[in-house]
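These notes are about the structure you will find just below.
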Amino acid sequence: MSNPWIYRAPAIGWGFFILYACLAPVEAISAGIDFEISDKVVHFTFYLVWVVLLYFGSSRGYRKSLSYGKILFYWSSAMVIGVIVEYLQMWMAVGRSAEVLDAMANSAGAVSGIIISRVLHRILA
């Protein structure tokens, strides 16, 4: 495809989904959900998928290689956004609380996303 933004659209959409899922009132998110899952697993998964989508979009479907600087930028951006979201949860009165372990799960998910992306790139390229 000639338009590289087509590849980036899933990552942009997932980023907005993360913001909504992490900043919406608890009642809006938990309505109708009856199973228990650790929120750390959810944070880890959100950021893992996000970084994989960012890598996929920037490499245009694993067709071009990415510099280590860009990979570091994606990881650090995910970390900064994760920390900002945690601070916003602390300041907003929507039934959320900020936790350092959530930020650590975000970071671990981002690192895992980079590792998975690099492995997928080598396999698929």
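Arg63 meets all of the listed conditions (1) in a helix (DSSP H, G or I); (2) basic (Lys, Arg); (3) over 18 Å from the mean Cα position of the chain (by Cα) but one, namely (1).
Which residues, taken from the stretch 92-106, are at negative phi, of a type outside the set (S, T, N, Q) and either surrounded by fewer than 17 Cβ atoms within 10 Å (Cβ to Cβ) or part of a helix (DSSP H, G or I) (or both)?
Correct list: Met92, Ala93, Val94, Ala98, Glu99, Val100, Leu101, Asp102, Ala103, Met104, Ala105.
Please verify whether the stretch 85-95 includes one or more residues that are touching a Phe, Trp or Tyr at 6+ places or on another chain (Cβ under 9 Å) and of a type outside the set (Ser, Thr, Tyr). No, that holds for no residue. If you check Gly109, Gly57, Gly69, Gly13 for being outside any loop (DSSP other than H, G, I, E, B), within 30 Å of Ala125 (Cβ to Cβ) and at pLDDT below 90, only one passes: Gly57. Taking the criterion of being exposed (fewer than 13 other Cβ atoms within 10 Å of the Cβ) and touching a Ser or Thr at 6+ places or on another chain (Cβ under 8 Å), the only residue of the stretch 66-91 that qualifies is Met90. Here the stretch 43-60 is the region considered, the condition is being among the hydroxyl-bearing types (Ser, Thr, Tyr) and more than 19 Å from Ile18 (Cα to Cα), and the residue that is farthest from the chain's Cα centre (by Cα) is Ser59.
The values are calculated or read from the model by the stated rules, or taken from the named source; none is laboratory data. Only a predicted model underlies this, so the values are computations on that prediction, with no experimental measurement involved. Note that each Cβ is placed from the backbone with ideal geometry, even for glycine, and that neighbours are counted across all protein chains shown.
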